[in-house]
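Peer 1: One structure, pasted below without further comment.
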Amino acid sequence: MAVLPIRTFPDPVLKQKAKRVGTVDGSIRKLIRDMLETMHAEPGRVGLAAPQVGVPLRVIVIGLPEEEDLVIINPEIVRRRGERLVDEGCLSVPGYVGQIKRAESVTVKGRDQNGKEIRIKADGLLAQALEHEIDHLNGTLYLDHLESLDQLRKVEAEPEPTQP
Ligand code: NI
């Protein structure tokens, strides 16, 4: 296992559309292990998408405080409900947060690390993290949801453990 360096804005890999994963082979399983280790090494993290470690593949990991880690391969949002304003940050945009709109709840389907089909219904922070990480796979950062970069706020300390 290895802690991988996090790519930060404006690294072009963050603007790329990531490719779907075919077979979940040894290299994908290693990527997942490294992503989990990298996520756990970062304070204030609740998720990580493969492009953030320079790999343009559709793999995300989510690690909410007190919850079991979630690994989703080829995740897709199949349903979005409601809308709410949230403060959001990103490991790839260190030192800033911004307020954007996210869904109240989402349903996501994809595959787990064993290639098994999964479907997750989520609200609150988990829904936010899922939208945030799936955005990464489409080359979208939360910055892209702001009307203007002037809306970004600087944060002095590390983000709270509520930032995807
Ligand atoms: Ni992010």
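We did not get these values from a lab; they are worked out from the coordinates using the rules stated. Given the structure is predicted, the values throughout are model-derived calculations rather than measurements. A quick note on method: Cβ atoms are made from the backbone with ideal geometry, for glycine too, and the neighbour counts reach across all protein chains shown.
Peer 1: Extension gain T8-E104, at 0.36 nm per residue separation less the Cα-Cα distance, in nm?
Peer 2: Value of the extension gain: 31.8 nm.
Peer 1: In addition: Would you mind calculating the relative contact order of the range 1-46 from Cα pairs under 8 angstrom and at least 6 residues apart, reporting the percent as a whole number?
Peer 2: 58
Peer 1: Using amide H atoms built in the peptide plane, which far-off residues or other-chain residues are under 5 Å from E104 H to H?
Peer 2: Hits under the 5 Å cutoff: R81, G82, E83, R84.
Peer 1: Sticking with this one: So how much slack lies between R153 and R20, counting 0.36 nm per residue of separation and subtracting their Cα-Cα distance, in nm?
Peer 2: 44.5 nm
Peer 1: Between their Cα atoms, which of K17/K154; K109/K154; K101/K121; K15/K116; K30/K121; K19/K101 are more than 24 Å away from each other?
Peer 2: K17/K154; K109/K154; K15/K116; K30/K121; K19/K101, as the Cα separations exceed 24 Å there.
Peer 1: Tell me, what HN-Hα J-couplings in whole Hz come from the Karplus equation 6.51 cos²θ - 1.76 cosθ + 1.60 at θ = phi - 60° for each residue of the range 92-104, using x for Gly and Pro?
Peer 2: Coupling constants for the range 92-104: 8, 10, x, x, 9, 9, x, 9, 9, 9, 10, 5, 5 Hz.
Peer 1: So who's got an amide H within less than 5 Å of the one on L57, skipping anything under 5 residues away but keeping other chains? H placed 1.01 Å off N, in plane.
Peer 2: K19
Peer 1: Spelling out what I want: for every residue of the range 28-36, take phi, set θ = phi - 60°, compute 6.51 cos²θ - 1.76 cosθ + 1.60 (Karplus), and round to whole Hz; glycine and proline get x.
Peer 2: 6, 5, 5, 4, 4, 4, 5, 5, 5
Peer 1: Which one of I72, L141, A18 has its Cα pushed farthest toward the positive end of the charge dipole of the range 12-154, where Lys and Arg give +1 and Asp and Glu give -1 at the Cβ?
Peer 2: The one lying farthest along the dipole's positive direction is A18.
Peer 1: Whole-Hz ³J(HN,Hα) for each residue in the range 55-72, computed from phi via Karplus 6.51 cos²θ - 1.76 cosθ + 1.60 with θ = phi - 60°, x for glycine and proline: what do you get?
Peer 2: 10, x, 10, 7, 9, 10, 10, 10, x, 7, x, 6, 10, 5, 4, 10, 10, 10
Peer 1: May I ask you to derive the relative contact order of the range 12-154, considering only C-alpha pairs under 8 Å and at least 6 residues apart, and to give it as an integer percent? Spell out each step's value before the answer.
Peer 2: Values: 268 pairs, mean separation 37.3, N = 143.
With pairs under 8 Å counted, the relative contact order is 26 percent.
Peer 1: Quick one: which residues, 5 or more positions from R7 or on another chain, have an amide H under 5 Å from its amide H? H modelled 1.01 Å from N in the peptide plane, none for Pro or chain starts.
Peer 2: Close amide H contacts, sequence-distant or interchain: V53, G54.
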